[in-house]
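See below for the structure under consideration.
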Amino acid sequence: MYKIFWLIRAFLYKPFFKNIGYLSYIGKPVFLHGISRVSLGKRVRIFPGVRIETHNKGSIVIHDDVGIGQNFHIISGGVLSIGKKTIISAEVFINDMDNEYEEIGKNILEQRFIVNKTKIGEYCFIGIGAKIMSGTILGKQCIVGANSVVKGSFPDYSVIVGAPAKIVKRYNKEDGIWQKTNNQGEFI
């Protein structure tokens, strides 16, 4: 029954977003800013507590069939995208902006933003409480462990865990199995 209300909410929000695709729904948000630059594909499911922000002409594109758990927070000052059929657990944070901090005596929020491309590939899974930091590129079907702090570029089919996150396993196309790796993603 609650999903019917979320569908109605998505319908009411549609004029304020850049796009909301067919059968997408949104639970009650905590905060929305700059949503005229946010596109949701078809069948995007967002649970309550979402916080969506775009700044300085940034944009967010969430492709088709993405599921997002409660209390999700996403910030963009550039072009941040989430690939189709990705699952994002609860309490996840994704960002493509950092703050400059070098001016002494000036509040960090008053200093300039630094935008670094952040992209989540198709078919990814992001575990509960994970933080995807500015400048992170996740390849296709990457798995991010719970509470991981992720920054950097990770190839397709990687299992990434820890704080800071490191690759611990990858899919070996030659052998057709998931295989352990060293921190650089080389098979052991």
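Of the residues screened, ILE108 is not one that is of a type in the set (Val, Ile, Thr), open to solvent by 20 Å² or more (accessible area, probe 1.4 Å) and under 14 Å from the mean Cα position of the chain (by Cα).
If we only count strands (runs of 3 or more DSSP E) wholly inside the stretch 120-188, which ones have 1 or more residues that are touching a Phe, Trp or Tyr at 6+ places or on another chain (Cβ under 7 Å) and closer than 25 Å to ASN99 by Cβ?
On the way: elements: 158-162, 165-172, 177-180.
Per the criteria, 158-162.
Taking the stretch 9-38 as the region of interest, how many residues are surrounded by fewer than 17 Cβ atoms within 10 Å (Cβ to Cβ) and part of a strand (DSSP E or B)? Residues that pass the stated criteria total 4.
Only one of VAL144, VAL161 is of a type in the set (Val, Ile, Thr) and open to solvent by less than 20 Å² (accessible area, probe 1.4 Å); which?
Values: VAL161 fails: open to solvent by less than 20 Å² (accessible area, probe 1.4 Å).
Being of a type in the set (Val, Ile, Thr) and open to solvent by less than 20 Å² (accessible area, probe 1.4 Å) holds for just one of VAL144, VAL161, which is VAL144.
Looking only at the stretch 50-92, filter to residues that are under 19 Å from LYS28 (Cβ atoms) and in contact with a His (Cβ under 9 Å, 6 or more places away or on another chain); which one of those is surrounded by the most Cβ atoms within 10 Å (Cβ to Cβ)? Top of the filtered list is ILE52. Here ILE114 meets each of (1) in a loop (DSSP other than H, G, I, E, B); (2) in contact with an Asp or Glu (Cβ under 8 Å, 6 or more places away or on another chain) with one exception, condition (1).
The values are calculated or read from the model by the stated rules, or taken from the named source; none is laboratory data. Worth saying up front: this structure is predicted, and the values here are computed from it rather than measured. All Cβ positions, even for glycine, are placed from backbone atoms using ideal geometry, and neighbour counts span all protein chains on display. Calculation scope for accessible area: heavy atoms of the full protein, side chains included, ligands and nucleic acids excluded. Shrake-Rupley method; radii C 1.70, N 1.55, O 1.52, S 1.80 Å.
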